[in-house]
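K.L.:
Here you go, one structure.
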C-alpha cells in the first residue's frame, strides 16, 4: 500500500468517525444539542487541553496547506479550508495530502 492510499484511508476515517459521533450526539441530545456541542470542548481542564491542541494544530495545518497550495500551484484550497470547519482537520489534512501526493506524482516529484 502506497502513501497515497494511506492518506485516502485516513481521510475516509476522518470523515466517517467524527460524523458518526456528531450524528449520535445530535440525534440523542434534542434541544440541548447545540449548546452542549459548543460547551463540551471546554467541559474539563483535560478536555480543554485537547481542544486547544486540536485548534492550534488545525491553525498550523491550515497555514501550511495554504502556503503549500500556493507554492505548488495546486488548486482547490478553499475546499480544504471549508472541510476543516464542516468536518474537521482529521478529514481536511489527509485529503489535502492525498491530492498533494497525486499532484507531485503527476509532476514527477512524488515518491511513488
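K.L.:
Taking only the range 79-101 into account, find how many residues are surrounded by fewer than 16 Cβ atoms within 10 Å (Cβ to Cβ) and either part of a loop (DSSP other than H, G, I, E, B) or at pLDDT below 95 (or both).
P.N.:
2
K.L.:
Do we have any residue at all in the range 44-55 that's part of a helix (DSSP H, G or I) and farther than 29 Å from residue 97 by Cα?
P.N.:
yes
K.L.:
Specify which of the listed residues (63, 16, 3) is out of contact with any strand residue (DSSP E or B) (no Cβ under 6 Å at 6 or more places or on another chain) and within 21 Å of residue 106 (Cβ to Cβ).
P.N.:
Sole residue among the options that is out of contact with any strand residue (DSSP E or B) (no Cβ under 6 Å at 6 or more places or on another chain) and within 21 Å of residue 106 (Cβ to Cβ): 3.
K.L.:
Hey, does the range 42-65 have a residue that's within 17 Å of residue 87 (Cα to Cα), surrounded by 10 or more Cβ atoms within 10 Å (Cβ to Cβ) and modelled with pLDDT under 95?
P.N.:
Scanning the range 42-65, I find no residue that is within 17 Å of residue 87 (Cα to Cα), surrounded by 10 or more Cβ atoms within 10 Å (Cβ to Cβ) and modelled with pLDDT under 95, so the answer is no.
Yes/no per residue for (1) under 19 Å from residue 2 (Cβ atoms); (2) touching a residue at least 60 places away in the same chain (Cβ under 8 Å):
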position: 57; (1), (2): no, no
position: 70; (1), (2): no, no
position: 85; (1), (2): no, no
position: 90; (1), (2): no, yes
position: 97; (1), (2): yes, yes
position: 107; (1), (2): yes, no
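K.L.:
When you check residue 36 against the structure, is it part of a helix (DSSP H, G or I) and either at pLDDT below 95 or over 20 Å from residue 4 (Cα atoms) (or both), yes or no?
P.N.:
Yes.
The values are calculated or read from the model by the stated rules, or taken from the named source; none is laboratory data. Just so we're clear, the structure is a prediction, and the values are computed from it rather than from any experiment. Don't worry about glycine lacking a Cβ; one is built from the backbone with ideal geometry, like all the others, and counts go over all protein chains shown.
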